[in-house]
Amino acid sequence: MEDDAPVIYGLEFQARALTAQTAETDAIRFLVGTQSLKFDNQIHIIDFDDENNVINKSVLLHDAGEIWHISGSPADKAVLTTCYSKTSESRVLTCAAVWRMPPEWESGSHESPDDSSNNPQTLELLCHLDNTAHGSVACVLWEPMGDGKRVISLAENHMLLWDLQESSTKATISSSATLEGKGQLKFTAGKWSPHHNNTQLATANDTAIRGWDLRSMSQIYCIENAHGQLVRDLDFNPNKQYYLASCGDDCKVKFWDVRHINEPVKCLEEHSHWVWSVRYNHSHDQLLLTGSSDSRVILSNMVSISSEPFGHLVDDDELSDNEESQQEDKGKEPLQDSIIATYEEHEDSVYAVEWSAADPWLFASLSYDGRLVINRVPRALKYRILL
Amino acid sequence: MSSATTPPDSDPSQRRRVHSMLKHYYGLNEEGKVTEQAESLDPCDINGPHFDPEVYLNKLRMECSLGELMDHESCMVKQIRSLDSDMQTLVYENYNKFISATDTIRKMKNDFKKMEDEMDCLSANMAAITEFSAHISGTLQDQHAQITKLSGVHTLLRKLQFLFELPARLNKCLELQAYAQAVSAHRRARCVLQQYSHMPSFRGIQDDCHVIMEQLAQQLRQKFRDGGSSAKDLSECVELLLQLDEPAEELCDKFLSHAHSSTTNPFLSPTAGTDILEFIDRGCNEFVSSLCLVIASYQELFINRPQEGELASKNIPEMANGKLHVFVDTLAARYFSLVERRIQEEKGVSDNSLLVRALDRFHRRLQAISKLLPGSAVPSQGTEIVVRAARERIKQYLSALQTFYHDSLTDVRQALAAPRHKDATPSLPELLTSLSNFILNQLKSVLASVHLFTAKDITFSNKPYFKGEFCSQGVREGLVVSFIKFICQSSRQYCESAGDRGGSTPPALLLLLSRLCLDYETSTISYILTLTDEQFLVQHHTPVTPVTALCAEAREAAQKLLNHYVKVQGLIISQMLRKSVETRDWVNTIEPRNVRAVMKRVVEDTTSIDVQVGLLYEEGVRKAHSSDSSKRTFSVYSSSRQQIRYAPSYTPSAPMDTNLLSNIHKLFSERIDIFSPVEFNKVSVLTGIIKISLKTFLECVRLRTFGRYGLQQIQVDCHYLQMYLWRFVSDENLVHFLLDEIVGSAAHRCLDPSPMEQSVIEVICERG
């Protein structure tokens, strides 16, 4: 069976920031933040129509500055955070803020693209995550599956836990931790663990990965030299609480069991340059997406360390219902760890990849030149995992 | 009568004729009628029975003339006359004979009568004699019986005397230590004493004897135990003891235990400090030879002895043989364990000949035992020890080689790390050749050492193990192949361990090792293996690792090392570039007057890498250069002139344009794999390093924000890199493309993108 061709969407500006609209579970929707120093920056809301295989976009103006990181609230689909750089007095500082999309944007989405770019609506600022005391913000993390009241921002070597109050219009620091010691201590990436009642956080600085307990704001583990060079991104396995994937400048993707941090559980070395982004599929954690500055996106199938190492258990009744698929199923061997596909639609470095929040078989990748590519998991594999 | 002699045709006729002739003789028929049957009836036949004179006469008368008649008549008369005289003579003769016979008979009659008388007389005499004789024997009979009895008593007495004297005699023998006599005497008396032991006197004697013999046995045992006695004495002892009904098993045991202590005592003390040859020598001389002696004398005593009497029935040899085997086995086991311990202590691999000689001696001496004791397992165990030792040796050599390899690498490391006085430190190719020569020589010397095991004059070299398995599995696979594999593997380890823990291995070492592995792939491996095969006449009974597999492994290692080298070097330069980009405040920088020092450093480092790689690897092919053949000697000026041709894209008129341009460029250019495998040549290596460095530069630039002068600084820096880096790579367009990207990105990230004039850039760069 043939797979649908990838859908490509081009932004006028360069872009690094991509996120799925986490709270939206019906529509396939991605948010992209642009990077431009000269022009007003935008947030593109990319709506993908799965039926017709077309993209509908709407543009919101983000005039605070170029966007380095974007993250959608898990509770309210209209709320999002951005990390943006602000130039003042010939000093560049990356700040973070919580925004609300104007309620009318959806109606505007059906206008012609030209109109929307000519007359885009502006985001409504809810509050700043004031970081003047702590330095540039690397990223803002929402509490996974939370009520949209708690975020963490990573600024330089500080880790700040914010409480959003009064419909997110006010942010107060509830607790914070500071990484101290020798060497490069600036946080480059972080991830809030969806396990353990949302009490754990993993951060990356230089070549180390650290785990934090948010209740005590203290370090619980530290994987020194997790990568040969800088660690660029992390992701937690959504189904296995101790498993964690990381990627970095040594072109490797490593899988860790945080209970045994001396050696990685597994190591992939498929990219030919730095790996900037790693994402587990939200439902099927054997599917792993990585984006790299070698302009490639790789979809891997890591069955052996997934929560379903022996594949989906199938009842006999289910099988007898569908004789055809049964025969098909028998002809196949159990899945091995493998690369499913390498996507080469990008021409420039891919800095972000993201699974859709609504459709577990769909993902987007964003390259620096502003090209957003939406792809699907190959159908054959999809059916194998499902059936 | 002439007609009468004519031969008759048949017997009856002859008989009749004789009959007739006798008739004729006795005058029954004067003329005889000896005619044939047919003629006999003829009455005219004068000799016939039916002769009728009348007829005959008439016939004559009728037939014959007168004359004839007359003649016939005279002839007849003559015949008659002669016949008459013959008859008379015969009668006379017979008469005489008869008379003499009669006389003889008469004489005989007389003689017999005389003889009869004498015979009567004789018989009478004989009767008298018989009577006498009977009489005499009757009288003598009593006396004879008495004499017989007496002589019987005499012998008995003598025996008794012997018995009574026995204790004394035995005592005397005991005093004189004439054990043999004592034993033989006792043996003679033993059964008698046994038989009559119910009689008190004999019992006494027997008891005495017993005591004495006990004493004697005691003494013998003592003597036997003392062992100081000669073998002959000992054998005598044993023989006597055997005769004394001493149980043979006990004797064997005693003998062996005695031998045990005597053989082991002097030897089996752990000896440190002596070298192995000396040790084995001692072992051979003291232990093996005394063991041989023991075996020989034991066999003499218990096994090969002619057996007599009841001893034969006990089947001593079999029992003794069994005991001997057990004895030898236990002793040998101790000896072997000792030897093995000693061999295991032999760790130093400096002098293999000593060990081989020691093993040879060890093995050779054990052959003696095999000759003496054909069924013994000792020699084969000995061979096993030798085999084990050889195996162990190979392992030791392998580990020695490995340590040597490590040591050489450490040396190389030190040489590389040593401060670089231009003349003092050896250059990379020298290091490579010396390293490779060291290794090869070491390997050769090891092979030579190991080869001693298979030398012709070594006894165990013709064992099947040493002919086959030792050569192929041991030396070839276990030593040579393992070593080569080890080299490859340890090389690969350099790649892995150093990769994560941040370049602990000096890059030059990686390069050196890569070249080493490549050399191994191209020539050394096949050379070494051929050498081994020739030296050891390896016959491949079992599948062995083929040369190609090893070569592939070496090549893989070389590739990995080189890739790693590229990665490490690229990383070093990348880090420099990254730090320089990350730590600078690009917004507030001043107007560029110089190329930043880090760029010069990058070019310097690249140049030195180029030199370094050039020492070990060939140039490699470049894509057609727009510059001509003298690229290596290009001066800065000429190269900068060259530069102008590629310059246009450097001066972006507007940021969007650059973006568009680079996008179009990207559309038509091939995708660049940054960390991709390199080829075994200098250009490819340098291309890889430069690719990595520039890509890092690009990514770092994209993360920063630039002010006006920041962008200009990047422009200057890129131009400087452009001037120097293009010559190192296989395809200069690659450098141009990446640098374009960097400048383009910087322009994009610039708050105030007003690029510097190309001419100014050139001036700054040429100023250096």
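The values are calculated or read from the model by the stated rules, or taken from the named source; none is laboratory data. Since the model is a prediction, treat every value here as computed from it, not as a measurement. Cβ coordinates were reconstructed from backbone atoms using ideal geometry, including for glycine residues, and neighbour counts include every protein chain displayed. In case anyone asks, the SASA skips ligands and DNA or RNA and just uses the protein heavy atoms, side chains included. Shrake-Rupley method; radii C 1.70, N 1.55, O 1.52, S 1.80 Å.
Brief remarks on what is shown
- Subset tally (residues that are under 23 Å from B:E239 (Cβ atoms) and not in a helix (DSSP H, G or I)) for the range B:162-218: 2
- Flag if B:R596 is more than 14 Å from chain A (Cβ to nearest Cβ) and over 30 Å from B:L432 (Cβ atoms): yes
- Tally, over the range A:88-120, of residues that are modelled with pLDDT of 80 or more and surrounded by fewer than 19 Cβ atoms within 10 Å (Cβ to Cβ): 3
- Filtered residues of the range B:146-173 (kept if open to solvent by less than 60 Å² (accessible area, probe 1.4 Å) and free of Cβ contacts under 8 Å to residues at least 12 places away in the same chain): B:G152, B:L160
- Check on B:V611, more than 12 Å from chain A (Cβ to nearest Cβ) and in a helix (DSSP H, G or I): yes
- Among the conditions (1) closer than 30 Å to B:L193 by Cβ; (2) open to solvent by 90 Å² or more (accessible area, probe 1.4 Å); (3) at pLDDT 90 or above, B:K107 misses just one, which is (1).
- Listed by first and then second residue, the pairs linking a residue in the range A:363-376 that is within 14 Å of chain B (Cβ to nearest Cβ) and open to solvent by 10 Å² or more (accessible area, probe 1.4 Å) to a residue that is assigned to a strand (DSSP E or B) and not small (G, A, S), with Cβ atoms under 8 Å apart and 6 or more places separating them unless they lie on different chains, are A:D369/A:Q14; A:R371/A:I8; A:R371/A:Y9.
- Options A:H273, A:H282: the member that is assigned to a loop (DSSP other than H, G, I, E, B), more than 14 Å from chain B (Cβ to nearest Cβ) and not polar (S, T, N, Q): A:H282
- Only residues that are within 13 Å of chain B (Cβ to nearest Cβ) and basic (K, R) were counted in the range A:59-92, giving 2.
- Considering (1) crowded, with 22+ Cβ neighbours inside 10 Å; (2) within 19 Å of A:E354 (Cβ to Cβ), the lone condition that A:N239 does not fulfil carries the number (1).
- Among the residues of the range B:330-352, those identified as surrounded by fewer than 19 Cβ atoms within 10 Å (Cβ to Cβ), hydroxyl-bearing (S, T, Y) and modelled with pLDDT of 75 or more are B:T330, B:S337.
- A single member of B:A549, B:A557 is free of Cβ contacts under 8 Å to residues at least 60 places away in the same chain and part of a helix (DSSP H, G or I), and it is B:A549.
- Selected residue (criterion: farthest from the chain's Cα centre (by Cα)) from residues of the range A:226-270 that are away from every other protein chain (no Cβ under 14 Å) and among the basic types (K, R): A:R259
- Scanning the range B:570-583 for residues that are touching a residue at least 24 places away in the same chain (Cβ under 8 Å) and either in contact with an Asp or Glu (Cβ under 8 Å, 6 or more places away or on another chain) or closer than 20 Å to B:V743 by Cβ (or both) yields B:I572, B:I573, B:S574, B:M576, B:L577, B:R578, B:V581, B:E582.
- Residues of the range A:216-225 that turn out to be more than 9 Å from chain B (Cβ to nearest Cβ) and in a loop (DSSP other than H, G, I, E, B), as a count: 3
- Positions within the range A:333-347 being open to solvent by 10 Å² or more (accessible area, probe 1.4 Å) and within 14 Å of chain B (Cβ to nearest Cβ), in sequence order: A:T342, A:Y343, A:E344, A:E345, A:E347
- Only residues that are surrounded by 15 or more Cβ atoms within 10 Å (Cβ to Cβ) and among the basic types (K, R) were counted across the range B:188-202, and they come to 1.
- When the test is whether a residue is in contact with a Lys or Arg (Cβ under 8 Å, 6 or more places away or on another chain), surrounded by 10 or more Cβ atoms within 10 Å (Cβ to Cβ) and outside any loop (DSSP other than H, G, I, E, B), B:L83 does not pass it.
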